[in-house]
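J.: Below is a structure I'd like to ask you about.
The values are calculated or read from the model by the stated rules, or taken from the named source; none is laboratory data. None of the values given here were measured: they were computed from a predicted structure. Here Cβ is always computed from backbone atoms with ideal geometry, including for glycine, and neighbour counts include all displayed protein chains.
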Amino acid sequence: MNTFPLGKRNVHRVGFGAMQLPGRGAFGPPRDRAEALAVVRRAVDLGVDHIDTAQYYGPDVANEILRSALYPYPANLAIVSKVGARRDDKGAWLPADKPEELRAGVLDNLRALGVDRLAAVNLRLHAKSAPEVLDAQLDAMVAMRDEGLIEGIGMSNVDAEQLRQALERTEIVCVQNPFNLVDQQSRPVLELCAQRGIAFVPFFPLGAAFGRDRVLGHPQVKAVAERLDATPAQVALAWVLAVAPNTLLIPGTASLPHLEQNLAAGRIELDGDARAALGIAGTT
């Protein structure tokens, strides 16, 4: 499994996302806590060295499971979290992106995970805001990096203009945006990341809940999967890896069989016929 830099670290291009460890909709306790713990441990046993999480997954559930399963953590494990959001008592996603809220979010992650520093923390944006608002958010992130609470600053749900603004102020080590075979609106951001050597970490690589059928039921995906003796999900994940060398995957699951299938996607080689069928053009 090849690697790509995530800030100061080189990580395998297929990692693990903790969003599905809590209950449905990343809210509430897990369906099966024992299996959730087993999934996390198995992921690391299989070579995963990049785990993506957030304190508001649950809330307070995903990080607790990670700590219970893995603490003390392997030295090579890059734990990446995100701040800028919170949940209400019904599970709705709400912004929590004022500078003081960003700091509180990072501190909450550190306490819950039992670590002194995170490999990276993504600043999650919710809507287009004035440039000075983003500048203030970035200042808070930079201060925490300089303090040693985080190694690198990432961004999530951003457009190319916002990423360029951030890059004028500081180094950005990763970007998390929605991206998959049928939703490529973030391709300009992906290409900018590729040019700057920034890891691009797509969420919804198999499509959001309302779009999974469009990805997994895509005729070309199904045809390629059958020819390569793979699942449609594995082909869709392999497609993301093949689009550009700087893409990192963090597929999430609370199922051991699905975990094994997801990680196996990193070993699938899409040949020329598969690339042509799926319309993979790549980036420069």
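J.: Out of Ala69, Ala78, Ala38, which single residue is in contact (Cβ under 8 Å) with a residue 60 or more places away in the chain, aliphatic (A, V, I, L, M) and more than 29 Å from Ala140 (Cα to Cα)?
T.: Numbers: Ala69 fails: in contact (Cβ under 8 Å) with a residue 60 or more places away in the chain; Ala78 fails: more than 29 Å from Ala140 (Cα to Cα).
Only one candidate qualifies: Ala38.
J.: Being modelled with pLDDT of 95 or more and under 25 Å from Asp271 (Cα atoms): is that true of Thr170 here? Can you show your working first?
T.: Details: modelled with pLDDT of 95 or more: yes; under 25 Å from Asp271 (Cα atoms): no.
No.
J.: Run down Leu248, Leu190 and say which single residue is over 18 Å from Leu134 (Cβ atoms), touching a Gly at 6+ places or on another chain (Cβ under 7 Å) and touching a residue at least 60 places away in the same chain (Cβ under 8 Å). Outline the logic, then answer.
T.: Values: Leu190 fails: touching a Gly at 6+ places or on another chain (Cβ under 7 Å).
When all the criteria are applied, what remains is Leu248.
J.: Please specify each residue of region 1-23 satisfying the condition of being among the basic types (Lys, Arg) and modelled with pLDDT of 95 or more.
T.: Of the residues in region 1-23, the ones among the basic types (Lys, Arg) are 8-9, 13.
Within region 1-23, Arg9, Arg13 meet the criteria.
J.: I would also like to ask the following. Residues Asp52, Asp32, Asp60, Asp45: which one is touching a Gly at 6+ places or on another chain (Cβ under 7 Å) and acidic (Asp, Glu)? Before the answer, list the steps.
T.: On the way: Asp32 fails: touching a Gly at 6+ places or on another chain (Cβ under 7 Å); Asp60 fails: touching a Gly at 6+ places or on another chain (Cβ under 7 Å); Asp45 fails: touching a Gly at 6+ places or on another chain (Cβ under 7 Å).
It is Asp52.
J.: I would also like to ask the following. Kindly list the number of the only condition in (1) farther than 21 Å from Arg111 by Cα; (2) more than 18 Å from the chain's Cα centre (by Cα) that fails for Arg9.
T.: Only one criterion in (1) farther than 21 Å from Arg111 by Cα; (2) more than 18 Å from the chain's Cα centre (by Cα) is unmet by Arg9, namely (2).
J.: On the basis of being surrounded by 22 or more Cβ atoms within 10 Å (Cβ to Cβ), over 19 Å from Gly252 (Cα atoms) and β-branched (Val, Ile, Thr), does Val142 make the cut? Before the answer, list the steps.
T.: Working: surrounded by 22 or more Cβ atoms within 10 Å (Cβ to Cβ): no; over 19 Å from Gly252 (Cα atoms): yes; β-branched (Val, Ile, Thr): yes.
So Val142 does not fit the description; no.
J.: Another one. What are the residues in region 173-230 that are at pLDDT below 95 and on the phi > 0 side of the Ramachandran plot, if any?
T.: Phe204, Gly207
J.: Looking at the structure I just gave you, is Gln162 over 24 Å from Arg24 (Cα atoms), modelled with pLDDT of 95 or more and polar (S, T, N, Q)? Spell out how you get there, then give the answer.
T.: Numbers: over 24 Å from Arg24 (Cα atoms): yes; modelled with pLDDT of 95 or more: yes; polar (S, T, N, Q): yes.
Answer is yes for this residue.
J.: So which residues in region 219-230 are surrounded by fewer than 20 Cβ atoms within 10 Å (Cβ to Cβ) and of a type outside the set (D, E, K, R), if there are any at all? Spell out how you get there, then give the answer.
T.: Just the residues of region 219-230 that are surrounded by fewer than 20 Cβ atoms within 10 Å (Cβ to Cβ), to begin with: 219-220, 222-223, 226-229.
Within region 219-230, Pro219, Gln220, Ala223, Leu228 meet the criteria.
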